[in-house]
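The values are calculated or read from the model by the stated rules, or taken from the named source; none is laboratory data. As the structure is a computational prediction, the values presented were derived from the model and not from experiment. Glycine also receives a Cβ, built like all others from the backbone with ideal geometry; neighbour counts cover every protein chain displayed. Side chains are part of the model used for accessible areas, which takes the heavy atoms of the whole protein and leaves out ligands, DNA and RNA. Shrake-Rupley method; radii C 1.70, N 1.55, O 1.52, S 1.80 Å.
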Amino acid sequence: VEEQPTVFSFRVGHGWPNPTSAISTLAFSLPYDQRVRLDVFDVRGRRVRTVADRVFETGDHRVQWDGRSSSGARVADGLYFYRLNAESGERVRRVLLVR
């Protein structure tokens with residue numbers, strides 16, 4: 001009996017908790033080692049912060065956003081979007097920040 005190799009797909013879960021009042025977590029799974037960039041944007045499409053921009057290994061990962069901009073300032077309440085770019089795909093998820 002020949003074993004079938006495990007097949008991974010590029011998956012991105014929804015951010016949680018959602019809505020959030022502090023830290024939001026985005027989970028994703030990668031089929032192979034690759035560079036991943038995770039940016040947070042406001043509703044006008046302006047980049048608020050780059051949360052991750054590095055090579056991640058094959059498998060499951062979690063990245064957190066603390067509700068702060070690139071300068072470290074707390075951002076206003078409202079709707080924000082995660083955009084995760086990787087070689088194996090791109091996904092956008094939304095998160096509602098309420099304090």
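Between residue 83 and residue 70, the contour length at 0.36 nm per residue exceeds the alpha carbon distance by 3.1 nm. Ordering 55, 98, 28 by Cα displacement along the dipole of the chain toward the positive end leaves 98 in first place; charges were set at the Cβ atoms of Lys, Arg (+1) and Asp, Glu (-1).
Across the accessible surface of the chain, with the other protein chains kept in place and a 1.4 Å probe, carbon and sulfur atoms take up 47 percent.
Here the Karplus curve 6.51 cos²θ - 1.76 cosθ + 1.60, taken at θ = phi - 60°, turns the phi angles of segment 86-91 into couplings of 8, 4, 8, x, 9, 9 Hz, with x standing for Gly and Pro.
Basic side chains Lys and Arg get +1 at the Cβ, acidic Asp and Glu get -1 at the Cβ, and with that the dipole of the chain about its Cα centre reaches some 740 debye. Considering every alpha-carbon pair of segment 57-99, the percent of pairs per 5 Å bin, from zero through the bin containing the longest distance, is 5, 15, 25, 24, 15, 11, 5.
Taking all protein chains together and a 1.4 Å probe, the residues 30, 79 rank 79, 30 from largest to smallest accessible area. Heavy-atom accessible area, probed at 1.4 angstrom with all protein chains present, ranks 93, 54, 83 as 54, 83, 93, highest first.
Once the chain from residue 27 to residue 91 is taken as fully extended at 0.36 nm per residue, the excess over their C-alpha distance is 21.9 nm. At a probe radius of 1.4 angstrom, the accessible area of the chain per residue rounds to 63 square angstrom.
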